[in-house]
Amino acid sequence: MNMNLLNKFKDPELLRGLLERMLLLAHKIQERRGEQPLCLMEVCGTHTVAIAKCGLKSVLPPAIKLISGPGCPVCVTAHVDIDRIIAATRVPQATIMTFGDMMRVPGSSTSLEARRAEGARIEVVYSPLDALSRALKHPKQQIIFVAVGFETTTPLIAATLKRAKAAGAENFSILTVHKRVTPALSALASDPSLAIDGLILPGHVSTIIGTKPYGVLAEQFGMPSVIAGFDPVDLLLALVQLLEGIEGSRTELVNAYGRAVHEQGNAEACALIDEVFEVSDAVWRGLGVICESGHVLNQAYDSFDAGKRFDLPSLTEPTKEPKGCSCGDILRGIMTPNDCLLFGTACTPTHPIGPCMVSSEGSCAAYYKYQIGERA
């Protein structure tokens, strides 16, 4: 894609036209609905950051309320899973390798960062392939990789495990807490305590899974939704198309990120996932257990499961949620970071109490960095 085309996604004239269209549609909808604002949720953590960075919320009319959803993989990792990951640091002669965002997420009594300060072998890597490389170079060390992420990360983990199996890397294993996005969206859409009028769907995940899995949102729940990119024009276009659907009483799925997302998604990546993993129930922070919302290793790759290899459930300490932390409600969209009594006071990026302030894709981190709104 050439630079001239990329620049169009930040073009001031396009933005001005989309903004005018959005305001017009919002006014029409408000005339019909009265004072009750439309509640639109951006699902993806990268969208949350992009929205904050470009100041989109500052130009929204009162008729539109934009909230963040459970689109940060580190944030939705359940507290019990964080404790289980920390328990792995006590496996004798094991080295834990993880993405950087996981290091400072608090568990019941400690964190990976604190455990490293105590002498545990924990290293930050940028790819699971780095962890496999370490395992192959040091066959007497047990290397445990913390596999966290949505469908964008799962294919890379699957490819790494295929390489590990082919190389006979018996000292390599993973702790998987992978999540599947669409079951979580169905859980949100069916929650009677949430009044979501439309969804901005994740662009990155959609490049892998395509558009078809989202069909249930319109068919079963009558939920208008738009797959969006990440530039300012993408974001405003997604809002306009959502409002057009709502104004026209349409519950269709719109793919506004056609330059990257196709109906069938990435067939090769999906095949990798299916070859190595199987679908399972999973626990989400704030959402609880969601049926078929996770991935676990299938029988062919079961030997790479660190939880089974080292009997980690017997090492897990009692889970104790951080007192006063509202991350669970923020991930469900029933609170904003500004509603949390700890936000910006006891809980800051230098002293995070919950994962939404730790992760670079967390709502609290984005609100704090870009100073969105004021505490209610």
*Having 2 or more residues that are open to solvent by 40 Å² or more (accessible area, probe 1.4 Å) and not aromatic (Phe, Trp, Tyr) is the bar; report the strands (runs of 3 or more DSSP E) wholly within region 56-126 that clear it.*
122-124
*asked:* Quick check on region 147-196: of everything there that is in a loop (DSSP other than H, G, I, E, B), polar (S, T, N, Q) and open to solvent by 20 Å² or more (accessible area, probe 1.4 Å), which residue is nearest to Thr207 (Cα to Cα)?
replied: Thr152
*Do we have any residue at all in region 205-217 that's open to solvent by 20 Å² or more (accessible area, probe 1.4 Å), in a loop (DSSP other than H, G, I, E, B) and modelled with pLDDT under 95?*
no
*Residue under evaluation Met335, criteria (1) in contact with a Ser or Thr (Cβ under 8 Å, 6 or more places away or on another chain); (2) touching a residue at least 60 places away in the same chain (Cβ under 8 Å); (3) not hydroxyl-bearing (Ser, Thr, Tyr), criterion not met*: (2)
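Please verify whether region 354-370 includes one or more residues that are outside any helix (DSSP H, G or I) and among the aliphatic types (A, V, I, L, M). Lay out the reasoning, then the answer.
From region 354-370, those outside any helix (DSSP H, G or I) are 354, 359-362; that's our starting set.
With among the aliphatic types (A, V, I, L, M) added as a condition, the list becomes none.
Checking region 354-370: not a single residue is outside any helix (DSSP H, G or I) and among the aliphatic types (A, V, I, L, M).
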*Residues of region 51-83 satisfying the condition of being out of contact with any strand residue (DSSP E or B) (no Cβ under 9 Å at 6 or more places or on another chain), small (Gly, Ala, Ser) and touching a residue at least 40 places away in the same chain (Cβ under 8 Å)*: Ala52, Gly55
*Which numbered condition Thr345 misses (of (1) open to solvent by 40 Å² or more (accessible area, probe 1.4 Å); (2) assigned to a strand (DSSP E or B); (3) β-branched (Val, Ile, Thr))*: (2)
*Is at least one residue of region 283-295 open to solvent by 20 Å² or more (accessible area, probe 1.4 Å), among the acidic types (Asp, Glu) and not in a helix (DSSP H, G or I)?*
yes
*asked:* Looking only at region 22-43, filter to residues that are at pLDDT 90 or above and open to solvent by less than 10 Å² (accessible area, probe 1.4 Å); which one of those is farthest from Ser249 (Cα to Cα)?
replied: Val43
*Go through (1) within 19 Å of Pro106 (Cβ to Cβ); (2) open to solvent by 20 Å² or more (accessible area, probe 1.4 Å) and name the single condition Ile330 misses.*
(2)
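The values are calculated or read from the model by the stated rules, or taken from the named source; none is laboratory data. What you are looking at is a predicted structure, and each value in this text was computed from that prediction instead of being measured. Here Cβ is always computed from backbone atoms with ideal geometry, including for glycine, and neighbour counts include all displayed protein chains. Protein only, heavy atoms only, side chains kept; ligands, DNA and RNA dropped before computing areas. Shrake-Rupley method; radii C 1.70, N 1.55, O 1.52, S 1.80 Å.
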